[in-house]
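Chemist: One structure is given below, represented as structure tokens, and several questions about it will come after.
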Amino acid sequence: MSIDIQPLSPALGAQISGVDLSRDLTGEQRNAIERALLDHQVLFFRDQPITPQQQARFAAHFGDLHVHPIYPNVPEQPEVLILDTAVTDVRDNAIWHTDVTFLPTPALGAVLSAKQVPAYGGDTLWASGIAAFEALSRPMQTLLDGLTATHDFTRSFPLERFGSTAVDLARWEETRRKNPPLSHPVIRTHPVSGRRALFVNDGFTTRINELDAAESDAILKLLFAHSTRPEFTLRWRWQANDVAMWDNRVTQHYAVDDYRPQRRVMHRATILGDAPF
Ligand SMILES: O=C(O)CCC(=O)C(=O)O
Ligand SMILES: [Fe+2]
């Protein structure tokens, strides 16, 4: 059986069939999936009931895995974190963001497995930073080229929501101490494809360093709005056992918070990345 790739929108996204993610990948399958990820930035697989172990093994084909500092994980597979509305307040993912850009080396990508989904609602959207960058005018691209921006963990993980118990507070303070605000380029070059992408996100980006504060506020506001124009996005309607895999180096996503009190349970394995340039 060979891998079939159905593009879902011009900007990004493809549905992949012809592969069973519960089994170990052949080298050929791994390379075909990596190629598809480079071409389409986010991939979707239907009907893939995978265990946390199988999910971690699949994700580990593409890099080392990250253990998240805040979210709960599967005890016997700590690289798989649990997003369960019955356990964690996941509202903070209802903002356009790129995962963990508060790290010096943000995630390369992630593999998200839908365990329990609401009858309707709870969709996730992705946006292509490549499409957003390419649609900017030449003068704006020139202005942004070479600028850097500050990314701060506390923007998406505010103390008010993540420090409610003594244990949570201690973990939050430890995480903040280990992850002081840092800088990344505003325009990122994909380390493999060489394509250029807008790399600021509402979840973690607080300031364009080289601009004055008012200029930075105005330009970031413009860039956040620009990068999530419908033309650069795709919206996925989940079924249980769907798996999504995204290239976190050149995309953002938004988990729509419209379904509570229905329960929604997702498992995520996060693949470590490299320093943006
Ligand atoms: O729950 C989702 O659909 C996505 C949540 C999210 O932002 C993530 O897993 O990185
Ligand atoms: Fe996320």
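The values are calculated or read from the model by the stated rules, or taken from the named source; none is laboratory data. Bear in mind that the values here come from a model prediction, so they are computed numbers and not experimental data. Methodologically, a virtual Cβ is constructed for each residue, glycine included, from the backbone with ideal geometry; neighbour enumeration extends over all protein chains shown.
Chemist: If you take the residues in region 246-260 that are surrounded by 24 or more Cβ atoms within 10 Å (Cβ to Cβ) and in a strand (DSSP E or B), which one is farthest from ligand 2 (Cβ to nearest atom)?
Modeler: Looking at residues that are surrounded by 24 or more Cβ atoms within 10 Å (Cβ to Cβ) and in a strand (DSSP E or B), I get D247.
Chemist: Then there is this: Checking the conditions here, which among G13, G18, G27 is within 20 Å of the chain's Cα centre (by Cα), modelled with pLDDT of 95 or more and small (G, A, S)?
Modeler: From the options G13, G18, G27, the qualifying one is G13.
Chemist: So, one more: For residues in region 206-245 being under 27 Å from D89 (Cα atoms) and among the β-branched types (V, I, T), which is farthest from ligand 2 (Cβ to nearest atom)?
Modeler: T206
Chemist: Residues L108, L112: which one is among the hydrophobic types (A, V, I, L, M, F, W, C), in contact with a His (Cβ under 8 Å, 6 or more places away or on another chain) and surrounded by 17 or more Cβ atoms within 10 Å (Cβ to Cβ)?
Modeler: Every option except L112 fails the conditions.
Chemist: Answer yes or no: is there a residue in region 232-243 that is in contact (Cβ under 8 Å) with a residue 40 or more places away in the chain, closer than 17 Å to L65 by Cα and surrounded by fewer than 19 Cβ atoms within 10 Å (Cβ to Cβ).
Modeler: Within region 232-243 (the criterion being in contact (Cβ under 8 Å) with a residue 40 or more places away in the chain, closer than 17 Å to L65 by Cα and surrounded by fewer than 19 Cβ atoms within 10 Å (Cβ to Cβ)), the answer is no, since none of the residues qualifies.
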